[in-house]
Protein chains: 4
Amino acid sequence: MQPTDNPRHIKSDTLESLRDRLRRFSEERDWDQFHAPKNLAIALAVEAAELLEHFQWLKEEDSKHLAPEQLAKVREEMADVLLYLIRLADKLDVDLVQAAADKIERNAQKYPADKARGNSKKYTDL
Amino acid sequence: MQPTDNPRHIKSDTLESLRDRLRRFSEERDWDQFHAPKNLAIALAVEAAELLEHFQWLKEEDSKHLAPEQLAKVREEMADVLLYLIRLADKLDVDLVQAAADKIERNAQKYPADKARGNSKKYTDL
Amino acid sequence: MQPTDNPRHIKSDTLESLRDRLRRFSEERDWDQFHAPKNLAIALAVEAAELLEHFQWLKEEDSKHLAPEQLAKVREEMADVLLYLIRLADKLDVDLVQAAADKIERNAQKYPADKARGNSKKYTDL
Amino acid sequence: MQPTDNPRHIKSDTLESLRDRLRRFSEERDWDQFHAPKNLAIALAVEAAELLEHFQWLKEEDSKHLAPEQLAKVREEMADVLLYLIRLADKLDVDLVQAAADKIERNAQKYPADKARGNSKKYTDL
């Protein structure tokens, strides 16, 4: 599926089309010089912390019911995390979706459903 | 597109199918009780830092050429970041790809190519 | 006050003596080459996330009553954060305690007690 | 050594006097309700990331020579990290300086000078 400039079709974006748009974005600005994987990993961690900041003083329960303007900011920080993750994956030639699918498999073996059920003590990973 | 247990077809996974697999994974383990957005945002930041840890003492240039066993670990941490991001998006009902596409648009206006070219001073975002 | 090798007197350590011990530690191992401020800032963020990891699935209330073995691990992560912070301050020639005292002054002006009382909305800083 | 309100004597602050000032600061604003260790650990990680943000696109070498206005911002973020660390230590009844001294001892055993010299591979900790 090709990226498109038609905003009505933007839903058809995929991780691949986002990757391609980020490539062009960076090329047009001559920003590839800054995008060493080390720097992208820093940027990713910084964005993840900016996302977390919105939750820092919230009660756990309240974090489930964000006000619309709060959710809009959170959504934008989530986008930043995804964009840097896609960019890093591009630079390292990692297939993100495949990597995630592999990790779910590994977690399924690490946390068998019958042993892990409701157990926060064993819960140190997804 | 449906998730599949056939490993040869696992490439056909999408963010949606990963989301569905994470939902089942969590339900089978009764882990939804831990997955308040606040906690997922913490987990995401922790995973982003674990990813960053692999780069902390590397020279910028060396971060472009990871050894295969190093890359395998980095790939796994990237998967963890994506999985928590998908899980958080599910809980907050955020369309990740749409959010990312919107953010690219916003960045394009914020950093016009002609002004931002090669400029690390203005470079505070993707 | 001088650092001492006498373990019974270790209580007399101060930030300055810790700084001096870290300097010697690094010199003896030829590690200064790795300690650019950028790398130390990464290491600090990584340690802060390792500290946070111990709290990620805990209820807010339970985080006030850590089991002794959990507290021991948390204490060690807090030490790591402090050590990297001292090291970074040394490299940048920052007086940490003075910087912190200055910041308390600034926060006192930013958050007047009568306006900020019990107000989590204005609460975006210490 | 007692904390003092005399700004000329502010150099005499110690971690203990900073702890006491933060206690009063929080009491006057009724902010203790927000200061569960879990929340303070989040705030600490967020501040560490804000500190890191200043370094994200800098060359390693350039991070050693910050411009004065950049250093002023970095210094303020370092203060934030220290303040939250002191506050967390107060809530968990941890002696920060003692914890750090203990950790240096442990690291000295973990990384014997003769084996660790100039070795970035073994370098996974201070």
Set C:Lys73/D:Lys103; C:Lys103/D:Lys91; A:Lys73/B:Lys103; B:Lys103/D:Lys73, cut-off 18 Å on Cα-Cα distance; pairs above it are C:Lys103/D:Lys91; B:Lys103/D:Lys73
What is the spin-label model distance, in nm, from D:Gln109 to B:Lys110 if the labels are put 7 Å beyond Cα along the C-beta direction?
4.8 nm
Roughly how many Å is it from the Cα centre of segment D:52-126 to that of segment C:53-113, as a whole number?
12 Å
Kirkwood-based Rg over Rh for segment D:9-110 (C-alpha set), two decimals?
1.02
Can you give the charge dipole size of segment B:36-101 about its Cα centre, rounded to the nearest 20 debye, using +1 on the beta carbon of Lys and Arg and -1 on the beta carbon of Asp and Glu?
140 debye
Efficiency of FRET from Cβ geometry, B:Asp62 and B:Thr14, R₀ 41 Å, rounded to 0.05
0.75
Compute the FRET efficiency between D:Asp95 and D:Asp30 as 1/(1 + (r/R0)^6), taking r as their Cβ-Cβ distance and R0 = 22 Å, and round to the nearest 0.05.
0.20
So what's the Cα pair-distance distribution over segment D:74-123, bin width 5 Å, in %?
5, 17, 16, 15, 15, 16, 14, 3
For B:Lys73, place a label point 7 Å from Cα along the Cα-to-Cβ direction in every copy; what are the distances to the other copies, in nm, shortest first?
1.9, 3.2, 3.6
Put a point 7 Å out from Cα along the line to Cβ at A:Asp20; what are the distances to that point in the other copies, in nm, shortest first?
2.5, 6.4, 6.6
Candidate cut points under GluC sites (Glu not before Pro) in segment A:44-126, DSSP loop plus at most 14 other Cβ atoms within 10 Å of their own Cβ, are A:Glu61
Could you please point out the chain A residue with its Cβ nearest to the axis of the rotation taking chain A onto chain B, and the distance in whole angstrom?
A:Ala48, 2
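Quick note: the coordinates plus some simple rules give every number you see, no bench work behind them. Please read these numbers as outputs of a predicted model, since none were measured by experiment. Don't worry about glycine lacking a Cβ; one is built from the backbone with ideal geometry, like all the others, and counts go over all protein chains shown.
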